[in-house]
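Here the structure is laid out as structure tokens; the discussion comes afterwards.
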Amino acid sequence: LPAGLVSICSHAFSCCDSLVSVTFPAGLTSIGDDGFSDCSSLVSVTLPASLTSIGGNAFDGCSALARVILPAGLTSIGDCAFFNCSSLASVALPLPDGLSIGDDAFFDCPLNDEATAAVQAINFWAVRPPIDAQGHATVPEGLTTIASSAFYGCDSPVSVTLPPGRTSLGPTALS
């Protein structure tokens with residue numbers, strides 16, 4: 001991508017099936033919603049230190065993407081930003097201080113345990129909640145909202161233990 005580029009607009013490279021890697025120029029500050037969604041061959045992404053925002057669904061469906069290194073200055077990752085990146089097992093740690101992570105940002109990504117814990121410490125609903133072998137999930141104490149799509153697409157019936165004081169249930173949380 002050319003030097004001097006500061007923003008990638010929504011859907012800029014969406015569905016570019018032959019795109020394998022991207023190196024962003026220094027100075028890039030934002031990647032818009034769906035910027036690289038459904039780029040099924042995208043394996044490698046080098047995010048610049050200047051990046052502060054990754055939009056919703058920015059890399060949704062990039063099924064070959066295996067590792068992401070988030071720059072220290074990143075402040076927000078939008079909802080579903082890496083949704084269904086079925087090869088994404090690692091996110092470089094530690095995560096940036098002050099990072100905001102949207103709901104379902106890493107939903108259906110096979111993140112390793114360490115990355116999952118780090119992401120859930122910021123937003124429990126950024127990944128699919130753990131479901132045990134009997135199909136049961138427990139929502140931790142202190143969470144008052146069950147995010148939309150929290151258990152979306154579960155293959156088997158799921159029972160959920162909700163904490164006392166729950167105040168909100170997303171519209172498709174249990175569908």
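What spacing in nm lies between the two simple spin-label points modelled at Ala64 and Thr161, each 7 Å away from Cα in the Cβ direction?
4.3 nm
Round to a whole angstrom and tell me the spacing of the C-alpha centers of segment 44-108 and segment 6-40.
Segment 44-108 and segment 6-40 have Cα centres separated by 12 Å.
Could you check the simple spin-label distance between Ser18 and Ala92, using points 7 Å along Cα→Cβ, in nm with one decimal?
About 3.0 nm separates the two model spin labels.
Could you give me the ³J(HN,Hα) list for segment 101-115, computed from phi with Karplus coefficients 6.51, -1.76, 1.60 and θ = phi - 60°, whole Hz, x at Gly and Pro?
Taking θ as phi minus 60°, the curve returns 10, x, 4, 6, 4, 10, 5, 6, 9, x, 4, 5, 4, 5, 5 Hz for segment 101-115.
If you average the sequence gap of Cα pairs under 8 Å that are 6 or more apart and divide by the length of segment 9-115, what percent do you get for the contact order?
Numbers: 331 pairs, mean separation 23.2, N = 107.
That works out to 22 percent.
Given 10 Å bins starting at zero, what is the percent of C-alpha pairs of segment 89-166 in each, up to the one with the largest pair distance?
Whole-percent P(r) values from 0 Å outward: 17, 51, 28, 4.
Set the Förster radius R0 to 30 Å, insert the Cβ-Cβ distance between Val43 and Ser148 as r into 1/(1 + (r/R0)^6), and round the FRET efficiency to 0.05.
Working: r = 30 Å, r/R0 = 1.00.
Efficiency, from the Cβ-Cβ distance: 0.50.
Under Stokes-Einstein, with the Kirkwood radius over Cα pairs standing in for Rh, what whole-number D in µm²/s applies to the chain at 37 °C and 0.692 mPa s? Let's see the in-between values first.
Numbers: Rh = 16.6 Å.
For the chosen part, D equals 198 µm²/s.
In the chain, what percent of the accessible surface is made up of carbon and sulfur (1.4 Å probe, ligands and nucleic acids excluded)? Let's see the in-between values first.
Values: 4490 of 8130 Å².
Using a 1.4 Å probe with all protein chains present, the chain comes out at 55 percent carbon and sulfur.
Provide the per residue accessible area, probe 1.4 Å, for segment 36-162, rounded to a whole number of square angstrom.
With all protein chains present, segment 36-162 gives 42 Å² per residue.
The values are calculated or read from the model by the stated rules, or taken from the named source; none is laboratory data. Note that the coordinates shown come from a computational prediction; the quantities given were computed from them, not determined experimentally. In this analysis, Cβ positions are derived from the backbone assuming ideal geometry, glycine residues included, and neighbour counts consider all displayed protein chains. Side chains included, ligands, DNA and RNA excluded: accessible areas come from the protein's heavy atoms. Shrake-Rupley method; radii C 1.70, N 1.55, O 1.52, S 1.80 Å.
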